[in-house]
Amino acid sequence: MKRAAFWGWATATTVPEALTNALDAAVSTMHQELGADAHPVNTSHTTTILTDQVHQDPGLLKSLLGSSTATVNREDHALVTVLLIGEVW
C-alpha cells in the first residue's frame with residue numbers, strides 16, 4: 001500500500017463550484033502520482049469568501065453558498081482549498 005497527501009484549490013462564483021473544481025484538481029494530482037487505481041481515504045477543505053460586500057448585502061452570502069439565485073458581482077468569489085489523503089494497494 002502507498003499513501004500520500006495531495007491538495008488542490010479553485011475559485012468560483014459559488015462555493016459548490018469551487019469545491020468541485022478544487023477536489024477535481026486534488027484527485028487529478030493523486031491519480032498522476034499514485035495511478036488510476038488510487039482513491040481518496042480522507043478529505044478536508046477550507047472556504048474563504050473573497051468579497052467586501054457581505055455586510056452590505058446579506059443575500060450575497062447565500063448566493064455564494066449556492067442557495068440563492070441572486071446575481072454575484074464578477075469580483076466576488078469563493079476560494080476553496082482541498083487536502084486529501086490518497087492511497088493505492
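The values are calculated or read from the model by the stated rules, or taken from the named source; none is laboratory data. If you're wondering where the values come from, they're calculated on a predicted model, not measured in any experiment. Note that each Cβ is placed from the backbone with ideal geometry, even for glycine, and that neighbours are counted across all protein chains shown.
Data overview
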{"item": "Qualifying residue in the range 44-55 (condition: part of a strand (DSSP E or B), of a type in the set (Gly, Ala, Ser) and modelled with pLDDT of 75 or more)", "result": "yes"}
{"item": "Candidate set: the range 74-87, residues that are within 15 Å of residue 26 (Cβ to Cβ) and crowded, with 16+ Cβ neighbours inside 10 Å; chosen: the one modelled with the lowest pLDDT", "result": "79"}
{"item": "Residue in the range 3-24 that is nearest to residue 88 (Cα to Cα), counting only those that are of a type in the set (Phe, Trp, Tyr) and over 8 Å from the mean Cα position of the chain (by Cα)", "result": "6"}
{"item": "Condition broken by residue 34, with the remaining ones in (1) at pLDDT 90 or above; (2) farther than 20 Å from residue 9 by Cβ satisfied", "result": "(2)"}
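Per-residue answers, yes or no, for (1) over 15 Å from residue 84 (Cα atoms); (2) surrounded by 15 or more Cβ atoms within 10 Å (Cβ to Cβ); (3) of a type in the set (Lys, Arg); (4) in contact with a Cys (Cβ under 8 Å, 6 or more places away or on another chain):
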{"position": "6", "(1), (2), (3), (4)": "no, yes, no, no"}
{"position": "13", "(1), (2), (3), (4)": "yes, yes, no, no"}
{"position": "24", "(1), (2), (3), (4)": "no, no, no, no"}
{"position": "34", "(1), (2), (3), (4)": "no, yes, no, no"}
